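J.: Have a look at this one.
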Amino acid sequence: MTDKELKVGIGDMKFARGDSRIITYALGSCIGITFYDPAIKLGGLLHIMLPNRVDPNDPKVFKYADSGIKETIRKLSAFGMLKSRTIVKIAGGAKMFEMKGSGSSDFGNIGQRNAAMVKKVLMEERMRISAEDTGGAYARTMLINVANGDVVIRTVGKPEKHL
Amino acid sequence: MKLKTYEDMNLLELDVMKEISSIGTSHAATALSKLLQKEIRITIPEVNILGYEEAVDKIGYIEELVTATLVRMSNEVNGLMLFIFKLDLANAVLEKLIGRRYDSFEELDELAYSALEEIGNIIICSYVNAFTQLVGVEIDLSVPSSTVNMLGGVLTVPMAEYGYVTDKLMYINAEFIMGGEKLSDGLLMLPDIESLNSILEKLGVS
């Protein structure tokens, strides 16, 4: 496979094998989840926006943490991923606006709810999160280098971080 | 016919939103003009119903640093108002207001940040005021909240807020012409669908 960069949009998932990089930009309250099976150099990046799929007929499976993670695991497993070998890392779930005043306490907590759901679903799937960079009040760009599984987080005003 | 999502709006309904936006935006420009004591002209706003990626492309680029002010609407119309400053508009405003320009939003100090938040709030409030008078609804506004962040991250906030209903955003884009300089503003008006239906009903178009 040639060296290439795949972009993952909001509520989407892409995966690749070998010399590729997969990137998703500006995760706000959304969460990026990387899956990497080092034995076969298979990597995937899922970008979810909301915790759970309410309408079971909603075709946008990757938009939600619950259906998105399950579908990603199903797809990657079909390409040879073994859950027990796979390294999972997550980033995002920020609170972009701090709302003041009464009645707004619930607003803006979507990032936190997303993170909680991602962790719950991964635990049910018996997959351990080996590194995470979640919370805070800033957007993150997440990139996985499928050649070696390296995950890089880019934020404004801070040095790049390797998860 | 009741709308289920923003993109269900027909041309007539979009035209009505455009008309309201035009009045709202001119009120906002007047308020800004008074504050800055500078003549400000505006172009007729476009109202666009866009997906997330389209909205990002229309406003700027995904990792572009912007300052955004968010206000929640409640009472007869529920939803969000989001005003996005790009650096050129922010600088035009800040230069007049505190006599300084900034090379990047990263350099913004407390004073400049508060000034932008206040301007964003004034623009939103005058816009909503015009709107309430025109439509005849009561809207309460929350205290503003601001952030300096990547554009893409800022736009995920309304996307997530309405993500269970729609994947579209309503973006109202006008150009402010200040001292010969054309400055693009970014105002997102995001009533929830129920409120949008009642607005259109009140105006007799649905």
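J.: Provide a single number: the residues in region B:155-181 that are of a type outside the set (A, V, I, L, M) and more than 29 Å from B:Ala92 (Cβ to Cβ).
T.: First, the residues of region B:155-181 that are of a type outside the set (A, V, I, L, M): B:156, B:158, B:161-164, B:166-168, B:171, B:173, B:175-176, B:179-181.
Now narrow it down to the ones that are more than 29 Å from B:Ala92 (Cβ to Cβ): B:161-164, B:166-168.
Number satisfying all stated conditions: 7.
J.: Would you be able to tell me the number of residues in region A:144-163 that are within 14 Å of chain B (Cβ to nearest Cβ), surrounded by fewer than 20 Cβ atoms within 10 Å (Cβ to Cβ) and in contact with a strand residue (DSSP E or B) (Cβ under 7 Å, 6 or more places away or on another chain)? If you could, list the steps in order and put the result at the bottom.
T.: Kept after step one, since they are within 14 Å of chain B (Cβ to nearest Cβ), are these residues of region A:144-163: A:152-160.
The next check asks that each one be surrounded by fewer than 20 Cβ atoms within 10 Å (Cβ to Cβ); those that pass are A:152, A:154, A:156-160.
Next, only the ones that are in contact with a strand residue (DSSP E or B) (Cβ under 7 Å, 6 or more places away or on another chain) stay: A:152, A:154, A:156, A:160.
Total meeting the criteria: 4.
J.: Just to be sure before I move on: is A:Val121 open to solvent by less than 50 Å² (accessible area, probe 1.4 Å), assigned to a helix (DSSP H, G or I) and touching a residue at least 12 places away in the same chain (Cβ under 8 Å) in the structure I sent?
T.: Working: open to solvent by less than 50 Å² (accessible area, probe 1.4 Å): yes; assigned to a helix (DSSP H, G or I): yes; touching a residue at least 12 places away in the same chain (Cβ under 8 Å): yes.
For A:Val121, the condition - open to solvent by less than 50 Å² (accessible area, probe 1.4 Å), assigned to a helix (DSSP H, G or I) and touching a residue at least 12 places away in the same chain (Cβ under 8 Å) - is met.
J.: Ok, one more. In this structure, is A:Ala26 at the interface with chain B (Cβ under 10 Å from one of its Cβ atoms), of a type in the set (A, V, I, L, M, F, W, C) and more than 11 Å from the chain's Cα centre (by Cα)?
T.: Values: at the interface with chain B (Cβ under 10 Å from one of its Cβ atoms): yes; of a type in the set (A, V, I, L, M, F, W, C): yes; more than 11 Å from the chain's Cα centre (by Cα): yes.
Yes; evaluated as a whole, the condition is true for this residue.
One line per residue, one yes/no per condition, for (1) open to solvent by 30 Å² or more (accessible area, probe 1.4 Å); (2) among the β-branched types (Val, Ile, Thr); (3) touching a residue at least 40 places away in the same chain (Cβ under 8 Å):
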position: A:Val61; (1), (2), (3): yes, yes, no
position: A:Ala65; (1), (2), (3): no, no, yes
position: A:Ile69; (1), (2), (3): no, yes, yes
position: A:Leu76; (1), (2), (3): no, no, yes
position: A:Lys83; (1), (2), (3): yes, no, yes
position: A:Ile87; (1), (2), (3): yes, yes, yes
position: A:Ala91; (1), (2), (3): no, no, yes
position: A:Ala94; (1), (2), (3): no, no, yes
position: A:Glu98; (1), (2), (3): yes, no, no
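J.: Can you find a residue in region B:83-96 that is among the polar types (S, T, N, Q) and in contact (Cβ under 8 Å) with a residue 12 or more places away in the chain?
T.: No: zero hits.
J.: Looking at region B:133-170, which of its residues are more than 7 Å from every other protein chain (Cβ to nearest Cβ) and either part of a strand (DSSP E or B) or without any contact (Cβ under 8 Å) to a residue 40 or more places away in the chain (or both)?
T.: B:Gln133, B:Ile139, B:Asp140, B:Leu141, B:Ser146, B:Val148, B:Tyr162, B:Lys168, B:Leu169, B:Met170, listed by residue number.
J.: Shifting gears a bit: Say whether the condition of being over 17 Å from B:Leu183 (Cα atoms) and among the hydroxyl-bearing types (Ser, Thr, Tyr) is met by at least one residue in region B:100-110. Walk me through how you get there before you give the answer.
T.: Going residue by residue through region B:100-110, those that are over 17 Å from B:Leu183 (Cα atoms) are B:100, B:106-110.
Filter once more, so that each one left must be among the hydroxyl-bearing types (Ser, Thr, Tyr): none.
Checked region B:100-110: no residue is over 17 Å from B:Leu183 (Cα atoms) and among the hydroxyl-bearing types (Ser, Thr, Tyr).
J.: Could you check region A:13-48 and list, in sequence order, the residues that are open to solvent by 50 Å² or more (accessible area, probe 1.4 Å) and assigned to a strand (DSSP E or B)? Don't jump to the end; show me each part of the working.
T.: Applying the first criterion (open to solvent by 50 Å² or more (accessible area, probe 1.4 Å)) to region A:13-48 yields A:14-15, A:17, A:19, A:21, A:38-39, A:41.
A:Lys14, A:Phe15, A:Arg17, A:Arg21 - these are the residues of region A:13-48 that are open to solvent by 50 Å² or more (accessible area, probe 1.4 Å) and assigned to a strand (DSSP E or B).
J.: Residues in region B:105-128: is at least one within 19 Å of the chain's Cα centre (by Cα), open to solvent by 30 Å² or more (accessible area, probe 1.4 Å), aliphatic (A, V, I, L, M) and within 14 Å of chain A (Cβ to nearest Cβ)?
T.: no
J.: Criterion first (at the interface with chain B (Cβ under 10 Å from one of its Cβ atoms), open to solvent by 30 Å² or more (accessible area, probe 1.4 Å) and assigned to a helix (DSSP H, G or I)) does A:Arg113 satisfy it?
T.: For A:Arg113, the condition - at the interface with chain B (Cβ under 10 Å from one of its Cβ atoms), open to solvent by 30 Å² or more (accessible area, probe 1.4 Å) and assigned to a helix (DSSP H, G or I) - is met.
J.: A further question on this structure: Just for region B:152-206: of the residues that are in contact with an Asp or Glu (Cβ under 6 Å, 6 or more places away or on another chain) and not hydrophobic (A, V, I, L, M, F, W, C), which one is most open to solvent (accessible area, probe 1.4 Å)?
T.: Filtering first and then ranking leaves B:Lys182.
J.: Can you tell me which residue is nearest to B:Ala112 (Cα to Cα) among those in region B:68-88 that are away from chain A (no Cβ under 12 Å) and among the β-branched types (Val, Ile, Thr)?
T.: Restricting to residues being away from chain A (no Cβ under 12 Å) and among the β-branched types (Val, Ile, Thr), the top hit is B:Ile84.
J.: Related question: Could you list, in sequence order, all residues of region A:1-11 that are at the interface with another protein chain (Cβ under 10 Å from one of its Cβ atoms) and either within 10 Å of the chain's Cα centre (by Cα) or buried (at least 17 other Cβ atoms within 10 Å of the Cβ) (or both)? Talk me through it step by step, then tell me what you get.
T.: Our first condition is that a residue be at the interface with another protein chain (Cβ under 10 Å from one of its Cβ atoms); within region A:1-11, this holds for A:7, A:9-11.
Within region A:1-11, A:Ile10, A:Gly11 meet the criteria.
The values are calculated or read from the model by the stated rules, or taken from the named source; none is laboratory data. Note that the structure is a prediction, hence the values are computed from the model and not measured. Every residue, glycine as well, gets a Cβ built from its backbone with ideal geometry; the counts of neighbours run over all protein chains shown. Note: areas computed on protein heavy atoms with side chains; ligands, DNA, RNA excluded. Shrake-Rupley method; radii C 1.70, N 1.55, O 1.52, S 1.80 Å.
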